[in-house]
1. Which one of the conditions (1) exposed (fewer than 12 other Cβ atoms within 10 Å of the Cβ); (2) of a type outside the set (Ser, Thr, Tyr); (3) modelled with pLDDT under 85 does residue 111 fail to meet, given that it meets all the rest?
2. Sort out which residues of the range 138-172 are within 11 Å of residue 187 (Cα to Cα) and exposed (fewer than 13 other Cβ atoms within 10 Å of the Cβ), and write them in order of number.
3. Say whether the condition of being loosely packed, with under 13 Cβ neighbours inside 10 Å and within 28 Å of the chain's Cα centre (by Cα) is met by at least one residue in the range 262-270.
4. Does any residue in the range 188-210 that is assigned to a strand (DSSP E or B) come within less than 7 Å, Cβ to Cβ, of a residue that is of a type in the set (Lys, Arg) and exposed (fewer than 15 other Cβ atoms within 10 Å of the Cβ) six or more places away or on a different chain, and which pairs are these?
5. Quick one: in the range 25-56, of everything that is over 43 Å from the mean Cα position of the chain (by Cα) and in contact (Cβ under 8 Å) with a residue 24 or more places away in the chain, which residue is nearest to residue 112 (Cα to Cα)?
6. For residue 62, all conditions in the list (1) within 17 Å of residue 118 (Cα to Cα); (2) at pLDDT below 80 hold save one; what is the number of the exception?
7. Could you please give the count of residues in the range 256-294 that are under 23 Å from residue 161 (Cα atoms), part of a strand (DSSP E or B) and among the hydrophobic types (A, V, I, L, M, F, W, C)?
8. Looking at the range 245-255 only, could you name the residues that are surrounded by fewer than 13 Cβ atoms within 10 Å (Cβ to Cβ) and part of a loop (DSSP other than H, G, I, E, B)?
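The values are calculated or read from the model by the stated rules, or taken from the named source; none is laboratory data. None of the values given here were measured: they were computed from a predicted structure. With ideal geometry, Cβ positions are generated from the backbone for all residues, glycine too; neighbour counts draw on all protein chains shown.
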Amino acid sequence: LILISVDIAFSYYLLPVLIFTFAFTISRNRWIKLIFLILSVSVLLAGTINIFLLDAKRVINLVLLSPITGNLIITANLIPVTLMIFRLQFLFHQHNKKITKIIIIGSDFSLAVISIGLFIYLSIFNPYNKERLQPVAIFENTIIDSGKREISFSSPSPLGEFSYSSTSNTVSMDILETNYTVITSTPEAPPKISLSSRSFLNRKQYIITIDSLLLPNRISAVLEGEKEILLFDSNFQVNNPDGERAEFLIGANPELPLDLSFTLPGEFKGDMSIKLEFSDYPSMIKLESSHFDSKYSVNFEKKISIGK
């Protein structure tokens with residue numbers, strides 16, 4: 001019932017077990033009871049195997065990674081089977097103690113072999129294959145000012161052996177973790193972001209020009225001031241222009257080159273943070289692995305001083 005509350009799809013396996021257990025209880029013939037016991041155990045084994053074959057992450061985490069809940073679930077499923085086995089042991093009791101001992105030892109040995117086999121299977125089990133590739137999210141974030149470039153790899157399962165190539169070389173790795181980060185230098189030909197300004201009266205107009213080899217999916221621009229921001233005009237809509245933070249709503253898929261123009265008081269001092277988001281970029285790394293289903297995300301960030 002706990003598994004059904006997590007994923008109702010597993011009622012396909014647990015409901016037959018309940019039916020077979022009930023049939024075992026009301027049956028009078030010991031051979032019919034034995035058949036229902038075998039059916040119950042078979043369905044439980046099939047359900048356990050399919051939990052991993054279907055990559056049911058919520059159920060796997062609940063059973064394997066929760067020391068309390070997982071043990072309770074396993075115990076709750078094994079207790080009815082254990083009681084049925086005890087019941088059959090009395091029904092098939094032989095007056096000959098030697099035969100009874102052989103039956104008990106044989107049953108214990110069979111269950112031990114099944115348990116060991118299941119343990120080995122789970123130890124070497126891999127939910128990914130040629131038809132079901134392992135998903136990997138690759139996130140590159142480059143700070144243009146400092147030249148720092150972080151490349152993060154993330155996957156639901158350990159990354160294992162793989163290699164990736166950049167514009168200069170190929171790097172081979174063997175990672176046992178599900179998340180890994182590499183720090184390198186700024187790639188070639190990052191986006192160009194420049195600032196120009198002109199003063200008039202007691203105001204100052206700033207123009208930030210943004211250009212890149214490819215069109216970004218999104219550009220975000222956030223202005224933060226040492227004091228309250230008084231924005232006289234802007235060629236883009238601004239969110240919260242009257243506080244100490246103002247976000248320019250440039251939107252998705254903007255055309256390049258892009259000029260962001262805005263006018264502030266001449267004495268204003270603050271910083272403008274520019275971020276460009278790409279799903280593809282010429283300098284981004286290429287993952288060289290046939291068993292990965294890769295999803296890329298490339299960001300470039302730059303901070304520009306305003307009025308300082």
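1. Exception for residue 111: condition (1).
2. Across the range 138-172, the qualifying residues are 147, 167, 168.
3. no
4. Going by the 7 Å Cβ cut-off, the qualifying pairs are 205/198.
5. Residue satisfying both the conditions and the ranking: 34.
6. Result: residue 62 passes all but (1).
7. 2
8. To start, the set of residues in the range 245-255 that are surrounded by fewer than 13 Cβ atoms within 10 Å (Cβ to Cβ) comprises 249, 251-253, 255.
249, 251, 253, 255 - these are the residues of the range 245-255 that are surrounded by fewer than 13 Cβ atoms within 10 Å (Cβ to Cβ) and part of a loop (DSSP other than H, G, I, E, B).
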